[in-house]
Amino acid sequence: MEKRYRIALTIAGSDPSGGAGLQADIKTMSALGVYAASAIVAIVDENTVGVYDVHPVPTRFVEGQIRSVIDDIGADAIKIGMLHSSELIRGVLKTLQRYPDIRNIVVDPVMVATSGDALLQPEAVDTLRDELIPYSRVITPNLPEASLLLGEQITHQDQFEDAARALSRQTGEKVSVMLKAGHVDDEMLTDIFYNAETDKSMRLTTRRIDTRNTHGTGCTLSSAIAAWLAKGADLDTAARKAKEYLAAALEAGAGYSIGHGHGPVHHFHPFY
């Protein structure tokens with residue numbers, strides 16, 4: 001009998017320095033034993049220090065990439081990263097709706113850069129919130145992104161569980177939420193995973209790692225969730241194992257020096 005890969009598709013922009021974007025997605029999925037395919041939405045001039053330029057890929061070409069992958073090899077899960085415009089968001093959504101059997105869709109709602117600069121056109125935030133997010137199974141916002149989606153500031157740990165539930169209920173669908181605590185200045189980091197399908201929350205706590213190598217952590221976490229879902233894990237297991245993988249990647253990568261800014265996590269820490 002022929003073997004079959006578990007397949008995950010990332011829809012994201014590139015990072016030529018290899019720490020974030022679709023490169024981080026592919027590394028994460030591969031490290032977790034999943035065959036990684038990709039649809040590129042933007043070619044980015046970027047390194048560990050900053051982003052210098054972005055060349056968007058035309059929406060019709062993005063749609064074509066998605067169809068080419070799914071029509072040929074299929075997808076057990078899909079991870080979606082930054083989509084900069086309403087046109088692109090709607091194009092991706094319209095294409096995915098052609099494949100209603102694919103429900104393991106993980107959206108990393110990348111809206112705000114580390115520098116604080118907006119990464120989406122203003123009207124695209126509403127399109128993301130009102131159209132794409134309700135179609136997903138899981139979203140993985142950090143605190144600035146959650147605050148922008150909810151229209152209120154989320155800054156304290158005691159707000160997290162209510163905020164995660166509010167984000168899910170805002171969609172009108174059973175969308176689960178991994179609310180990331182990386183922006184909280186505590187020694188211990190406690191993410192909240194709200195499972196909308198069971199209406200239960202789970203606290204995922206890890207020790208903060210003293211490292212500057214944090215480039216691409218959001219991409220890595222969302223891709224890890226998608227990878228575990230592609231492998232058939234339930235939502236709680238996928239969230240927990242993804243958090244464990246990222247924490248270990250941060251710790252393993254802390255001792256390395258790469259680039260002049262924020263280096264990457266060690267995606268292949270289980271192997272070397």
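The values are calculated or read from the model by the stated rules, or taken from the named source; none is laboratory data. Being a predicted model, the structure only gives us computed values, none of them experimental. FYI the Cβ positions are ideal-geometry reconstructions off the backbone, even for glycines, and counts take in every protein chain you see. Protein only, heavy atoms only, side chains kept; ligands, DNA and RNA dropped before computing areas. Shrake-Rupley method; radii C 1.70, N 1.55, O 1.52, S 1.80 Å.
Numbers at a glance
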{"item": "Looking only at region 131-167, and only at residues there that are under 18 Å from the mean Cα position of the chain (by Cα) and surrounded by fewer than 20 Cβ atoms within 10 Å (Cβ to Cβ), the one that is farthest from Glu197 (Cα to Cα)", "result": "Pro144"}
{"item": "Filter result for the condition that a residue is among the acidic types (Asp, Glu) and crowded, with 22+ Cβ neighbours inside 10 Å, over Asp236, Asp191", "result": "Asp191"}
{"item": "Residues within region 242-272 that are in a loop (DSSP other than H, G, I, E, B), among the aliphatic types (A, V, I, L, M) and touching a strand residue (DSSP E or B) at 6+ places or on another chain (Cβ under 9 Å), tallied", "result": "2"}
{"item": "Residue list for region 75-107, filter: open to solvent by less than 20 Å² (accessible area, probe 1.4 Å), of a type outside the set (A, V, I, L, M, F, W, C) and either in contact with a strand residue (DSSP E or B) (Cβ under 7 Å, 6 or more places away or on another chain) or under 18 Å from Ile7 (Cβ atoms) (or both)", "result": "Lys79, Gly81, Thr95"}
{"item": "The listed residue being surrounded by fewer than 23 Cβ atoms within 10 Å (Cβ to Cβ), farther than 22 Å from Ala233 by Cα and hydrophobic (A, V, I, L, M, F, W, C), out of Val110, Val62", "result": "Val62"}
{"item": "Filter result for Tyr35 (among the hydroxyl-bearing types (Ser, Thr, Tyr) and at pLDDT 95 or above)", "result": "yes"}
{"item": "Test: Thr48 is of a type outside the set (Gly, Ala, Ser), touching a Leu at 6+ places or on another chain (Cβ under 6 Å) and either in a strand (DSSP E or B) or surrounded by fewer than 24 Cβ atoms within 10 Å (Cβ to Cβ) (or both)", "result": "no"}
{"item": "Pair list, Cβ under 7 Å, 6 or more apart: region 49-65 residue closer than 11 Å to Asp15 by Cα, other residue surrounded by fewer than 13 Cβ atoms within 10 Å (Cβ to Cβ)", "result": "none"}
{"item": "Cβ-Cβ under 6 Å pairs, at least 6 apart or on other chains, region 180-209 side under 16 Å from Thr220 (Cβ atoms) and outside any strand (DSSP E or B), far side acidic (Asp, Glu) and at pLDDT 85 or above", "result": "Lys180/Asp191; Ala181/Asp191; Ile209/Glu251"}
{"item": "Hey, Gln153 out of contact with any Phe, Trp or Tyr (no Cβ under 9 Å at 6 or more places or on another chain), in a helix (DSSP H, G or I) and free of Cβ contacts under 8 Å to residues at least 24 places away in the same chain or not", "result": "no"}
